Ligand SMILES: NC(=O)C1=CN([C@@H]2O[C@H](COP(=O)(O)OP(=O)(O)OC[C@H]3O[C@@H](n4cnc5c(N)ncnc54)[C@H](O)[C@@H]3O)[C@@H](O)[C@H]2O)C=CC1
Ligand SMILES: O=C(O)C(=O)Cc1ccc(O)cc1
């Protein structure tokens, strides 16, 4: 299912990586980019990620059969509003936002109802780096992409977006918007918040220089994602606020239980908790 003209709004890590993957598979005719900065867009042209660009979203979407919105969550509504009057009537629109309820709300406000040709999506793949220079064609290979179509979403549009991600090497699954937001609050949003909180807390200790100097591999593994873009994560926290607050509350109860076991010198309880966690990780977590 070849795309004649793909418009990517937000040519950063995710938008750039998908453009690279589609081009590598000869699945797209022309790729038109759009972001706020002409300098970054020229960089995307120089890197061979896009063919041409326009900083005006209205111009950029003209004549595109597929529009990918890959901007931070906080910019979704404004982008939808900007492109709305200029979309080709049969264009399929999709996004890559990390929370789906907020994208559906943004579309509702911008379009006055969620269009049937908008397929909300989320690749469960990324890195702590941002920008087109960090993009690479293999990012989505053997990774999952979740689509959260609504009851009235056009089935053909869903199949087009599914085909797009499958071409990039991903496995596509579908789920409900609310379910997506709960699952991702637990598996992605809470861990990012904990990584930021851990590094921030330690960095403000008096002896922080020494702490970072002696940090071992475990610290590096656990805190890599605290190097992620702060603005992107602000937006995700605000966009998925309810589900994230629920996961933080759940975590706080368990952290208190762990604290109490240490206070009480209850070694048996600690081994019990750590073993339960190890079993869960050995059984479920990706290598
Ligand atoms: N970074 C990651 O690992 C993942 C990110 N996501 C989601 O993908 C989206 C994009 O993230 P990244 O590619 O990492 O970010 P990025 O920072 O690499 O790229 C974002 C792009 O959007 C542009 N942009 C920002 N505001 C804009 C606006 N108002 N109008 C037009 N362009 C605008 C920026 O100039 C930049 O080119 C976010 O919604 C994020 O939640 C989803 C999965 C993984
Ligand atoms: O860097 C990592 O390991 C990530 O977890 C990247 C990531 C960030 C945001 C998403 O919505 C999905 C994946």
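The values are calculated or read from the model by the stated rules, or taken from the named source; none is laboratory data. Being a predicted model, the structure only gives us computed values, none of them experimental. A quick note on method: Cβ atoms are made from the backbone with ideal geometry, for glycine too, and the neighbour counts reach across all protein chains shown.
Of note:
Here's the yes/no breakdown for (1) within 14 Å of the chain's Cα centre (by Cα); (2) in the same structural domain as residue 96 (by TED's automatic domain parsing); (3) on the phi > 0 side of the Ramachandran plot:
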{"position": "160", "(1), (2), (3)": "no, yes, no"}
{"position": "164", "(1), (2), (3)": "no, yes, no"}
{"position": "194", "(1), (2), (3)": "no, no, no"}
{"position": "201", "(1), (2), (3)": "no, no, no"}
{"position": "205", "(1), (2), (3)": "no, no, no"}
{"position": "231", "(1), (2), (3)": "yes, no, no"}
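- The lone exception for residue 98 - which of (1) surrounded by fewer than 24 Cβ atoms within 10 Å (Cβ to Cβ); (2) within 14 Å of ligand 1 (Cβ to nearest atom) it fails: (1)
- Here is the figure for segment 13-70: residues that are within 18 Å of residue 97 (Cα to Cα), without any contact (Cβ under 8 Å) to a residue 40 or more places away in the chain and out of contact with any helix residue (DSSP H, G or I) (no Cβ under 6 Å at 6 or more places or on another chain) total 1.
- Of the helices (runs of 4 or more DSSP H) entirely within segment 1-110, those holding at least 1 residues that are within 16 Å of ligand 2 (Cβ to nearest atom) occupy 13-24, 76-83.
- In the condition set (1) in a helix (DSSP H, G or I); (2) without any contact (Cβ under 8 Å) to a residue 24 or more places away in the chain, residue 206 is compliant with all but (1).
- Listed by first and then second residue, the pairs with beta-carbon distance under 6 Å, at least 6 apart or on different chains, first residue in segment 117-131 and assigned by TED's automatic domain parsing to the domain that holds residue 169, second outside any loop (DSSP other than H, G, I, E, B) and near ligand 1 (Cβ under 7 Å from one of its atoms), are 130/13.
- Tally, over segment 108-123, of residues that are at negative phi and more than 14 Å from ligand 1 (Cβ to nearest atom): 9
- Of everything in segment 172-194 that is assigned to a helix (DSSP H, G or I) and in contact with a helix residue (DSSP H, G or I) (Cβ under 6 Å, 6 or more places away or on another chain), the residue that is nearest to residue 227 (Cα to Cα) is 192.
- Selection count where residues are more than 30 Å from residue 74 (Cα to Cα) and under 33 Å from the mean Cα position of the chain (by Cα), scope segment 238-270: 7
- Subset of segment 5-21 [surrounded by 23 or more Cβ atoms within 10 Å (Cβ to Cβ) and under 23 Å from residue 86 (Cβ atoms)]: 6, 7, 8, 9, 10, 11, 12, 14, 15, 16, 18, 19
- Leading residue by the ranking (surrounded by the fewest Cβ atoms within 10 Å (Cβ to Cβ)) among those in segment 111-125 that are under 21 Å from the mean Cα position of the chain (by Cα) and part of a loop (DSSP other than H, G, I, E, B): 124
- Options 234, 276: the member that is in contact (Cβ under 8 Å) with a residue 40 or more places away in the chain and surrounded by fewer than 14 Cβ atoms within 10 Å (Cβ to Cβ): 234
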